[in-house]
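Undergrad: Would you mind keeping the following structure in view while I ask a few things?
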Amino acid sequence: MDSCEPGAVSVRGLRMRYGRAEVLRGVKLTIPRGEVFCLLGPNGAGKTTMIEILEGHRMRSGGEVRVLGSDPQRPGPGWRARIGIVLQSWRDHGQWRVGELLSYVACHYPAPHDPAGLLELVGLTAQRDHEVADLSGGQRRRLDVALGVIGRPELLFLDEPTAGFDPVARRQFHNLLTQLSVTEGITILLTTHDLAEAERLAHRIGILVQGRLITTGTPAELAALTGAGTEVRWVEAGRQRRELVEDPSVLLRELQDRFAGAVPELQVRRASLEDTYLDLIGR
């Protein structure tokens, strides 16, 4: 594979075996720079193994992998400083003060973010002098992201970033990730079991099942694959009516003409990513 090939992540024929068990079976994937890509799949699908290979923390059994142009098994000088990793849980250094910890980590990078500016970006300026152990779950997660991006990474790995968050903290965290993607141009590779989160954040989604990447695409493209369409419900002649259509605009015009105005109890529901995911997994 050519090291000059564009894309933050390029994978061809990736395989991983543990004894007789084949965990990854010829995975092929390209993630362009600047994209937010979400990897979905049931437990045991191989997501964690694949991410660890891309991060350079696990040796693969076969295939070709390039992350930011380098093979993670044999990265060149400075490669690791170009990636950021936010683990699902991290509980070390609880007695460090937030500002001190961020400044200490920043010292290990050639051109880090200004710690004070980064604390402002992630909404932790008021907690600068607090001990890490005293932060709330949402504040701790924002600190995790700050630590992950302090070195100005080109690629950020996020594992279950909002597990256990309340709705307000989850929305704030999503806004932060969107801001990082847009203003910093960071490529983000996200794994999550929260399908609403994947639908909100990801430009594209890949579904891994039994070690195979069965499909990739935008949420709309995945819905088209399953033929899930859009559900239209209304009440007519005292009865609940329902139709599943690919393009609801035609049916809605017909209903408005039929009722000469407002359609009783009209509901239009596009197939969610959860509908699409369960349909694809079921196949």
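Undergrad: Within region 226-241, does at least one residue satisfy the condition of being part of a helix (DSSP H, G or I), out of contact with any Lys or Arg (no Cβ under 9 Å at 6 or more places or on another chain) and over 17 Å from Gly41 (Cα atoms)?
TA: First, the residues of region 226-241 that are part of a helix (DSSP H, G or I): 226.
Add one more test, that the residue is out of contact with any Lys or Arg (no Cβ under 9 Å at 6 or more places or on another chain), and what stays is none.
No.
Undergrad: Taking Ala163 as the residue in question, decide whether it is buried (at least 21 other Cβ atoms within 10 Å of the Cβ) and either touching a Ser or Thr at 6+ places or on another chain (Cβ under 9 Å) or among the polar types (S, T, N, Q) (or both). Can you show your working first?
TA: Values: buried (at least 21 other Cβ atoms within 10 Å of the Cβ): no; either touching a Ser or Thr at 6+ places or on another chain (Cβ under 9 Å) or among the polar types (S, T, N, Q) (or both): yes.
Answer is no for this residue.
Undergrad: With the checklist (1) more than 24 Å from the chain's Cα centre (by Cα); (2) outside any helix (DSSP H, G or I) in hand, flag the one item Tyr104 doesn't pass.
TA: Only one criterion is unmet by Tyr104, namely (2).
Undergrad: Further, regarding this structure: Go through region 19-55 and count every residue that is in contact with a helix residue (DSSP H, G or I) (Cβ under 7 Å, 6 or more places away or on another chain) and buried (at least 16 other Cβ atoms within 10 Å of the Cβ). Show your work before the answer.
TA: Start the filter on region 19-55 by keeping residues that are in contact with a helix residue (DSSP H, G or I) (Cβ under 7 Å, 6 or more places away or on another chain), which leaves 23-24, 27, 36, 38-42.
Pick out the ones that are also buried (at least 16 other Cβ atoms within 10 Å of the Cβ) and you get 23-24, 27, 36, 38-41.
Qualifying residue count for the region: 8.
Undergrad: Does region 173-185 contain any residue that is surrounded by 16 or more Cβ atoms within 10 Å (Cβ to Cβ), in contact (Cβ under 8 Å) with a residue 60 or more places away in the chain and either in contact with a Phe, Trp or Tyr (Cβ under 8 Å, 6 or more places away or on another chain) or farther than 22 Å from Gly34 by Cβ (or both)?
TA: No, region 173-185 contains no residue that is surrounded by 16 or more Cβ atoms within 10 Å (Cβ to Cβ), in contact (Cβ under 8 Å) with a residue 60 or more places away in the chain and either in contact with a Phe, Trp or Tyr (Cβ under 8 Å, 6 or more places away or on another chain) or farther than 22 Å from Gly34 by Cβ (or both).
Undergrad: For the subset of region 118-153 comprising residues that are buried (at least 19 other Cβ atoms within 10 Å of the Cβ) and in a loop (DSSP other than H, G, I, E, B), which member is farthest from the chain's Cα centre (by Cα)?
TA: Once the filter is applied, the top-ranked residue is Leu124.
Undergrad: Any idea which of (1) assigned to a helix (DSSP H, G or I); (2) more than 25 Å from Arg15 (Cα to Cα) is the one Phe165 doesn't satisfy?
TA: The single condition Phe165 does not satisfy is (1).
Undergrad: Mind listing just one residue for me: the one in region 35-88 that is polar (S, T, N, Q) and touching a residue at least 40 places away in the same chain (Cβ under 8 Å) and, of those, nearest to Leu213 (Cα to Cα)? Step through it out loud before you land on a result.
TA: Quick first cut of region 35-88, residues polar (S, T, N, Q) only: 43, 48-49, 61, 70, 73, 88.
This time we only want the ones that are touching a residue at least 40 places away in the same chain (Cβ under 8 Å), so: 48, 61, 70, 88.
Values: Thr48: 14, Ser61: 17, Ser70: 22, Gln88: 22 Å.
The qualifying residue nearest to Leu213 (Cα to Cα) is Thr48.
Undergrad: Which ones in region 62-87 are in a loop (DSSP other than H, G, I, E, B) and loosely packed, with under 15 Cβ neighbours inside 10 Å? Don't jump to the end; show me each part of the working.
TA: First, pick out the residues of region 62-87 that are in a loop (DSSP other than H, G, I, E, B): 68-69, 71-79, 87.
Within region 62-87, Gln73, Arg74, Gly76, Pro77, Gly78, Leu87 meet the criteria.
Undergrad: Follow-up. Given the residues Leu189, Leu208, Leu158, which is the only one that is under 18 Å from the mean Cα position of the chain (by Cα), over 23 Å from Ala81 (Cα atoms), touching a residue at least 12 places away in the same chain (Cβ under 8 Å) and not in a helix (DSSP H, G or I)? Even if it seems obvious, please write down each step before you answer.
TA: Numbers: Leu189 fails: over 23 Å from Ala81 (Cα atoms); Leu158 fails: over 23 Å from Ala81 (Cα atoms).
From the options Leu189, Leu208, Leu158, the qualifying one is Leu208.
Undergrad: Counting just the residues of region 235-250 that are in contact (Cβ under 8 Å) with a residue 12 or more places away in the chain and under 16 Å from Arg270 (Cβ atoms), which one comes out surrounded by the fewest Cβ atoms within 10 Å (Cβ to Cβ)?
TA: By that ranking, first place goes to Asp247.
Undergrad: Can I ask one more? Could you check region 1-57 for strands (runs of 3 or more DSSP E) lying wholly inside it with 1 or more residues that are under 26 Å from Gly185 (Cα atoms), more than 16 Å from the chain's Cα centre (by Cα) and at pLDDT 95 or above?
TA: Working: elements: 9-18, 21-31, 36-40.
By residue number, 9-18, 21-31.
Undergrad: Of the conditions (1) at pLDDT 90 or above; (2) over 22 Å from Tyr109 (Cβ atoms), Arg170 clears all except one; give me its number.
TA: (1) is the only condition that Arg170 fails.
The values are calculated or read from the model by the stated rules, or taken from the named source; none is laboratory data. Remember, it's a predicted structure, so these values are computed and weren't measured experimentally. Cβ sites come from the backbone with ideal geometry, for glycine too, and all protein chains shown count toward neighbours.
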